[in-house]
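A.B. asks: Quick one: this structure, given as structure tokens, is what I'll be asking you about.
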Amino acid sequence: VQLQASGGGLVQAGGSLRLSCAASGRTVTNNGMGWFRQAPGKEREFVASVSWNGGAIRYAESVEGRFTISRGYAANTMYLQMNTLKPEDTAVYYCAAARGASVATTATSYNKWGQGTQVTVSS
């Protein structure tokens, strides 16, 4: 399976962006999916995860209440609506498919990764 993340860009603090992740080559409808991000000089960190059917969702504390993760109707797509963006949200955002069907908050739980999309929030 190949994952393609898109939707990143440059936005002012307080603004919004919507990231998309599309899977191809194989279905991920039975897999949990998630978003991670990596800022320069920092380790990759968990952002949000959604279970195979959208019934369970987890967020990092730093984005709770501002970001919303969802799966598309076909479930081979995933989105991250990011509102009230802050400069500290600046990072490369990666989408990933988990080995299992549940939500997962650790990178080792994922075995398929997209190429990343840059999000830059200016102050």
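A.B. asks: Would you kindly state how much longer the chain becomes between S122 and A60 on full extension, computed as 0.36 nm times their sequence separation minus their alpha carbon distance, in nm to one decimal? Don't skip to the answer; put the middle values down first.
C.D. replies: Values: separation 62, 0.36 × 62 = 22.32 nm, distance 2.15 nm.
So the chain would gain 20.2 nm between S122 and A60.
A.B. asks: Please report the net charge: other residues with Cβ closer than 14 Å to the Cβ of N76, K and R +1, D and E -1.
C.D. replies: Details: positive: R26, R71, K112; negative: none.
Combined, the nearby Lys, Arg, Asp and Glu give +3.
A.B. asks: Can you list, bin by bin at 10 Å, the percent of alpha carbon pairs in the range 28-67, starting at 0?
C.D. replies: 29, 46, 22, 3
A.B. asks: With viscosity set to 0.890 mPa s and temperature to 25 °C, compute the Stokes-Einstein D of the range 66-123, Rh being the Kirkwood radius across alpha carbon pairs; µm²/s, no decimals. Each step should come with its number before you reach the end.
C.D. replies: Values: Rh = 13.0 Å.
Rounded, D is 189 µm²/s.
A.B. asks: Shifting gears a bit: On the first, second and third principal axes, largest extent first, how far apart are the outermost C-alpha atoms of the range 1-53 in Å?
C.D. replies: 35, 22, 19
A.B. asks: Once you have the Cα-Cα distance between V1 and S16, take 0.36 nm times their residue separation minus that, and quote the gain in nm to one decimal. Numbers along the way, then the final one.
C.D. replies: On the way: separation 15, 0.36 × 15 = 5.40 nm, distance 2.89 nm.
Roughly 2.5 nm would be gained on extension.
A.B. asks: While we're looking at this one, here's another question. Considering only C-alpha atoms, what is the centroid distance from the range 86-123 to the range 23-85, in Å?
C.D. replies: Cα centres, the range 86-123 to the range 23-85: 7 Å.
A.B. asks: Given a cut-off of under 8 Å on Cα pairs at least six residues apart, what relative contact order in percent is computed for the range 43-123? Write out the running numbers ahead of the final one.
C.D. replies: Working: 128 pairs, mean separation 24.0, N = 81.
That works out to 30 percent.
A.B. asks: Need one number: the % of Cα-Cα pairs in the chain sitting beyond the 22 Å mark. Walk me through the intermediate numbers first.
C.D. replies: Values: 1865 of 7503 pairs.
Everything past 22 Å amounts to 25 percent.
A.B. asks: Residues of the range 60-77 with amide nitrogen under 18 Å from the 7 Å Cα-to-Cβ point of T106?
C.D. replies: Taking a point 7 Å out along Cα→Cβ of T106, the residues of the range 60-77 whose backbone N falls under 18 Å are 60-61.
A short reminder: the numbers here are calculations on the coordinates, not readings from a lab. Because the structure is a prediction, the values reported are computed rather than measured. Note that each Cβ is placed from the backbone with ideal geometry, even for glycine, and that neighbours are counted across all protein chains shown.
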